[in-house]
Structure formats: structure tokens, C-alpha cells
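S.K.: One structure follows; several queries about it will come next.
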Amino acid sequence: METTGRTLPSIGDGKGNLAASIDKAAATTHETIQRVTDSARPAVDRMATGAHQAVDKVADFAAQTSATLDSKGAQLQDVQARLMEECTAYVRSNPLAAIGIAAAAGFILSRVISSR
């Protein structure tokens with residue numbers, strides 16, 4: 001066999017101490033992993049913080065939207081109640097006109113529906 005002048009890395013100290021070499025390689029690997037993890041931690045923390053802030057903004061927006069919808073719903077119920085009271089008062093004060101309006105609306109509605 002030819003030799004290239006390079007020496008292969010030895011495993012152990014030549015006395016069969018393979019376990020010590022494996023332990024040293026494992027320790028070095030753990031140190032490297034720890035350094036990589038430590039350097040990645042700030043980026044992960046920034047991403048987690050950004051995600052939490054985004055969730056908080058969405059939750060705040062949803063809460064505001066819910067409050068607005070509740071308010072608008074209450075306003076619509078008030079308008080509906082007021083219109084019913086006004087219609088009831090009109091029908092009581094003008095019964096013949098109310099019947100005529102109802103008949104005309106029914107006629108127009110039946111024409112629209114039957115033309116389809």
C-alpha cells in the first residue's frame with residue numbers, strides 16, 4: 001500500500017482507552033450543541049415574543065369587535081321596538097288606511113313573487 005504522508009487520527013491513546021476518547025468527543029459535541037443553542041435562543045425568543053404580541057393584538061381586536069357588535073345589536077333592537085310602537089300607533093289611529101296599505105303591499109308582493 002502507498003502512504004500519502006498523512007496520519008490518521010488515532011482513537012484513544014494507543015492503550016485501548018477508546019471509552020475515554022468517546023467521552024471526550026461526546027463532551028465536545030455537547031459543548032458545540034450548547035453554543036449553537038445559546039446563539040439561537042435570542043432569535044427564538046424574539047419570534048416567540050412577536051407571536052405573542054400578534055395573538056394579543058388579534059384578541060384585542062376580537063374583543064373590540066365583539067363589544068361593537070353587542071352595542072350595534074342593542075341599538076337595532078331599540079330601533080325595531082320604536083318602529084313597532086309607531087306602526088301600532090298608526091294602525092290604531094288610522095285603521096282604514098292601514099288596511100289599504102296592507103292590501104296594496106300584498107298585491108305588489110304577490111305580483112313580484114308570481115312573475116318569477
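S.K.: With each label point set 7 Å from Cα along the Cα-Cβ vector, what nm distance links Ala102 and Val58?
M.R.: 5.1 nm
S.K.: Residue by residue through segment 78-85, what is 3J(HN,Hα) from phi via Karplus (6.51 cos²θ - 1.76 cosθ + 1.60, θ = phi - 60°)? Round to whole Hz and write x for glycine and proline.
M.R.: Once rounded to whole Hz, the list reads 5, 5, 4, 4, 5, 5, 4, 5.
S.K.: At 4 °C and 1.567 mPa s, grab the translational diffusion coefficient of segment 20-114 from Stokes-Einstein with a Kirkwood Rh over Cα pairs, rounded to a whole number in µm² per second. Present the calculation step by step, with values, prior to reporting the outcome.
M.R.: Numbers: Rh = 20.9 Å.
Stokes-Einstein gives a translational diffusion coefficient of 62 µm²/s.
S.K.: Please rank Ile113, Ile99, fewest neighbouring Cβ atoms within 10 Å first, as an exposure proxy.
M.R.: Lowest count first: Ile113, Ile99.
S.K.: Return one number: the angle in degrees, 0 to 90 and rounded to the nearest 10, between the long axis of the Cα atoms of helix 95-114 and the longest principal axis of the Cα atoms of the chain.
M.R.: The answer is roughly 50 degrees.
S.K.: Given the DSSP H assignment, sum -39500 (n - 2.57) over each helix run of at least 4 residues in the chain and divide by its residue total; what's the result at 222 nm in deg cm²/dmol, nearest 500?
M.R.: On the way: 2 runs with 96 residues, N = 116.
So the helix-based figure for the chain works out to -31000 deg cm²/dmol.
No lab work stands behind these numbers, since they all come straight from the coordinates. The shown structure was predicted, so the numbers you read here are calculated from the model rather than taken from an experiment. Every residue, glycine as well, gets a Cβ built from its backbone with ideal geometry; the counts of neighbours run over all protein chains shown.
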